[in-house]
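Scroll down for the structure; my scribbles are underneath it.
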Amino acid sequence: MANLPKQLLACLTVVLSLVTGLTTPAAAEEPSRTVSVQGAGSAAAAPDMAELSTGVVEQSKTAADAMAAVTKRAAAILEAARSFGVEARDLQTTGLSLHPVYPRQRNDTSEPEPVGFRASTQISVRLRDIDRSGALMDRLLNAGANQFNGIRFTIAEPAALLAEARRKAVADARARAELYAGELGLKVGKVISIRENGTAMPRPMERMMAARADSPIATGEQEISAAVAIVFELD
């Protein structure tokens with residue numbers, strides 16, 4: 001190096017300086033400041049759809065007779081629902097069963113013979129006019145239903161409520177971040193990451209009601225909630 005011309009030595013010094021500048025560790029830069037917060041939001045509305053669960057149970061000496069009786073009554077119930085204005089998409093047979101009926105007491109250890117057969121079917125009926133639920137149940141019972149398993153209230157289209165709950169969750173998270181940043185003399189910057197921590201849809205509210213058209217119905221409200229976790233940059 002001592003024998004190199006002064007001009008060449010100066011050039012090498014400049015090159016080495018540039019290389020040193022390019023290879024400066026990133027750790028030497030000021031680390032970014034962030035805040036991680038969680039937000040929650042909810043939205044509520046009154047249910048706008050009722051789901052009635054009803055059915056038929058018949059017992060006869062033969063399996064064929066029991067099934068025939070149930071089939072006839074079920075057909076009458078479905079027809080009554082349709083004539084009430086219930087759409088085909090809102091009618092569903094949810095169960096069908098047939099079981100032998102044995103005597104309650106036996107005097108010997110031999111295999112018992114059935115004394116008859118019991119057939120049953122369950123029908124779910126959705127009604128998009130809650131105020132008519134009592135009248136519909138009255139109509140179904142008059143058509144031959146001899147079982148009633150209750151009524152559930154739901155929200156037919158919850159997407160708009162869920163979107164509102166999510167917006168509130170994001171706003172809640174930002175408000176928390178701004179509170180923390182303000183206390184530290186900082187400002188909330190861009191979003192680094194966002195993660196949904198889950199949503200909670202309302203469970204259908206079940207009610208038992210008398211089989212009368214004027215049965216009082218209190219539907220209340222149902223709530224949808226959402227939660228998010230957001231990381232903000234702080235300026």
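A few notes on this one:
- Taking (1) surrounded by 16 or more Cβ atoms within 10 Å (Cβ to Cβ); (2) at pLDDT 95 or above in turn, residue 98 satisfies each apart from (1).
- Flag for residue 151 being closer than 30 Å to residue 59 by Cα and either of a type in the set (Val, Ile, Thr) or at pLDDT 95 or above (or both): yes
- Within segment 49-74, residues that are over 24 Å from residue 102 (Cβ atoms) sit with their Cβ atoms under 7 Å from residues that are buried (at least 17 other Cβ atoms within 10 Å of the Cβ) and hydroxyl-bearing (Ser, Thr, Tyr), at 6+ positions apart or across chains, in these pairs: 49/154; 50/133; 51/124; 51/154; 52/133; 53/124; 74/121.
- Boolean, residue 42 is at pLDDT 95 or above and under 30 Å from residue 221 (Cβ atoms): yes
- Test result for residue 161, out of contact with any Lys or Arg (no Cβ under 8 Å at 6 or more places or on another chain) and either farther than 30 Å from residue 41 by Cα or hydrophobic (A, V, I, L, M, F, W, C) (or both): yes
- Residue in segment 61-79 that is part of a strand (DSSP E or B) and within 30 Å of residue 221 (Cα to Cα) present: no
- Qualifying positions in segment 80-95 - surrounded by fewer than 19 Cβ atoms within 10 Å (Cβ to Cβ), at negative phi and outside any strand (DSSP E or B): 82, 83, 84, 87, 88, 89, 90
The values are calculated or read from the model by the stated rules, or taken from the named source; none is laboratory data. This is a predicted model, so every value here is computed, not measured. Note: ideal-geometry Cβ built from the backbone for every residue, glycine included; neighbour counts use all protein chains shown.
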